[in-house]
Amino acid sequence: MITRLLTGACAAFLAASSLSAQDYKLETFTTPLPDVPSAYASVIFRKPAYRVTGPNGPWCEIWLRISVPTGAKPADPAISFAIPQGTLIGILRFPAQAADRRGQTIKPGVYTLRYSDYPVDGAHQGVAPQRDFALLTPVANDPDPNATPSFEALVKMSAEASGTPHPAVLSLETPAGSTFPAVTKEGDHDWVLNVKIGDLPLAIIVAGKYEG
């Protein structure tokens, strides 16, 4: 009897683990860009685009930029990417209500993703251990893909996505693996989209709240 109970418990645990591992998955697709300013058509790589699907259906869709300019390796080890402030990374669509890295509610819609690293000023502690982020802005408020807004300007733009004084943010980091594209689980609750923009490997934590 005990053996049967233990066997059943192990089977249930393995089934639950398998289900958890499939909470988020990656799909590629070739659907045209959503409604964005015409200037974006020449800078966004549309085939393929990436759809991350969660336990309740599609979570987000991402169209990446064809290439991203980079500079010298940052001296600060907390900064992973030599991407200029405000540079466009891609376009993201949330088909349903979602949330950012802070846990802020984000409405369904289409957003630009622009790179920024947070300043070391005491006001942004506790957001994440690294300083690399993608800030979301409603695409209707961001007509020029080649613009590179300052940190202060981008924070103000992104507050239109969050509806709070804080910007809407997704964490960026160096991919842990070498498979692209892929969605992987990190820690207990973070889901990471690993992609390449041109030759640049990039990991975007698309689901999960920082709890440091």
query = Looking only at the stretch 105-133, which residues are at pLDDT 90 or above, surrounded by fewer than 18 Cβ atoms within 10 Å (Cβ to Cβ) and among the polar types (S, T, N, Q)?
reply = THR105
query = Would you say PHE45 is modelled with pLDDT under 90 and within 24 Å of ALA168 (Cα to Cα)?
reply = yes
key: Members of the stretch 165-174 that are over 16 Å from GLY208 (Cα atoms) and touching a residue at least 12 places away in the same chain (Cβ under 8 Å)   = HIS166, PRO167, THR174
ask   = So GLN85 clears everything in (1) under 24 Å from VAL183 (Cβ atoms); (2) in a loop (DSSP other than H, G, I, E, B); (3) not charged (D, E, K, R) except one condition, right? Which one?
value = (1)
Residues (among the small types (Gly, Ala, Ser) and within 16 Å of PHE180 (Cβ to Cβ)) located in the stretch 45-79 = ALA49, SER67
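Confirm whether PRO84 is surrounded by 15 or more Cβ atoms within 10 Å (Cβ to Cβ) and over 20 Å from VAL206 (Cβ atoms).
So PRO84 does not fit the description; no.
The values are calculated or read from the model by the stated rules, or taken from the named source; none is laboratory data. No experiment lies behind these values; they were computed from the predicted model shown. Using ideal geometry, Cβ is built from the backbone for each residue, glycine included, and neighbour counts are taken over all protein chains shown.
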